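Right, one structure below, let's go through it.
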Amino acid sequence: MKTFFLLITFVTVVFITINGCAVGPDFRLPDLAIPGRYTATPLPSKLTKAPSESTDARHFVFAEDLPARWWIVFRSPELDRIIKQGLADSPSRQQYVQPL
């Protein structure tokens, strides 16, 4: 029985190894079609009507890095509260490593 198990294991490992090389050394990733933009028309640089109480026009800022705490950009106390609660209730890496 032990010999049969070893034989099956050996055949399986050989089969996986041979099939792993089936792609070949000349494998090339397919070309990706990356669109120039994701909207039908280009975005305007400024909105003429602001959808809020403010009378200031809204401006789009392109290619700007977001802060690590990206949700503060929205200035929403409710969103801030939900994310803080989620981070507080989420297990940390330390909690996973500790039992080991």
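The values are calculated or read from the model by the stated rules, or taken from the named source; none is laboratory data. Note that the coordinates shown come from a computational prediction; the quantities given were computed from them, not determined experimentally. Counting neighbours? That spans all protein chains shown, and the Cβs are built from the backbone with ideal geometry, glycine included.
Of all residues in the range 85-98, none that is at pLDDT 75 or above has its Cβ atom under 8 Å from the Cβ atom of a residue that is acidic (D, E) and loosely packed, with under 10 Cβ neighbours inside 10 Å, 6 or more apart or on another chain. Residues in the range 1-21 that are at pLDDT below 80 and either among the basic types (K, R) or assigned to a loop (DSSP other than H, G, I, E, B) (or both): M1, C21. Counting the residues of the range 22-78 that are at pLDDT below 75, among the aliphatic types (A, V, I, L, M) and surrounded by 10 or more Cβ atoms within 10 Å (Cβ to Cβ) gives 4.
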